[in-house]
Every structure is written in structure tokens, then in C-alpha cells.
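We did not get these values from a lab; they are worked out from the coordinates using the rules stated. Everything numeric here is computed off the predicted structure, so don't read it as measured data. When we count neighbours, we look across all protein chains shown, and the Cβ atoms used for this are built from the backbone with ideal geometry, even at glycine.
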Amino acid sequence: MSRDLSKPQPGYTQLLKGSRLAVARAVNRDIHHKHCYQIARAVKGMYAGDAVSYLEKVVKQEVAIPYKRRSRAGKGGNTMAGHRKGKMGPGRYPRNASIAFIKLIESAMDNARQHHEDIDAEDMVITHLAAHRGQVSKAMRPRARGRATPSNHYQVNLEIFLEDMSADADEDEEEDDY
């Protein structure tokens, strides 16, 4: 029985296509999914080497991650994210999530180096980057008068696809020569 190619591969939300592709996953990481969403939105489409250097600046609090989703007061979510330097608007410095993304991108770059010898991993483009809620460990915190309130621990699943776009440019140049 062969796998249905119209559906995503097990463990990934997207169908893996292309021969010049490198993937990596991080499952059940103890970081907040809202920070991961904002980082994924900011880093998607960058070169892998540029994304790592950008996130290292975020860890050092030199550059902030723009917070676009749920940033308006009274609409819920990250309403207290203040404006940062420059013409950025609301933003924050999510340190733990940035460190997790650096490890994820470096893992995907190592996978690319192992599978393809002729690829420069720093020049690969981040074509897909997703942050989804992982497992929730539910617990109850005892309160006064015999009551209890939930004390849940949230986790996040991250996945990344790196694609080598220089091969497409080389093929286009070869087709132009004929």
C-alpha cells in the first residue's frame, strides 16, 4: 500500500515536494505558542543564515520581533506590547522562543549538509515555518474553601522547510542558453 501523495507526510503539515529540500521538527517544546507564531511570521522567507543572525540579535535585545497579531488594545491577546525603536510598531524580545528557533534552523541546515553535499546551507530559503500547539498537561491548583483552578502547561510543535533556490536559478540559466 503506497502513501497518498495528495496528503501531508506523517508529522508534517505540508506535502514535501522537491529534491533540494531540508526539513526539521521540534516537538513539545516548553515555549509559548503566541511568541512562536510571531517569530515564524517574521522569519519566513529569509535565508537561513540571515534568520539565525537576526534571532541572535533578538536574544541580545538589539532587534525586536514585530507583534502584528492581537496587538490592538481591547481586542485580546498581546495588548501590552509597546512600540519599539524605528518604524516597527509593537514588538517584543522573546528570548526562549528565539533560542528554540535558532536550534531548529541549525538542525535543518545540518540536515541539508548531510543530504546534499553541493548545497550551501546558509543560502537556503525558509519556505515553510509553522508553530502549532502541542500537548497540554492539565493540572489543578488547590484554592481556598475547597475549590481548585486549572493550572495547565502548554507546549508547542515547530516545523521548518528549507529550500535551495540557487538550483532553480541555475536551471533557468541553462534553459536560456539553448
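A few comments on the model shown:
- Approximate spin-label separation Val136-Lys68, in nm, with each point projected 7 Å along Cα-to-Cβ: 2.7 nm
- Entries in Lys44/Lys87; Lys87/Lys138; Lys34/Lys60; Lys34/Lys57; Lys68/Lys103 that, when Cα-Cα distance is taken, lie over 30 Å: Lys87/Lys138
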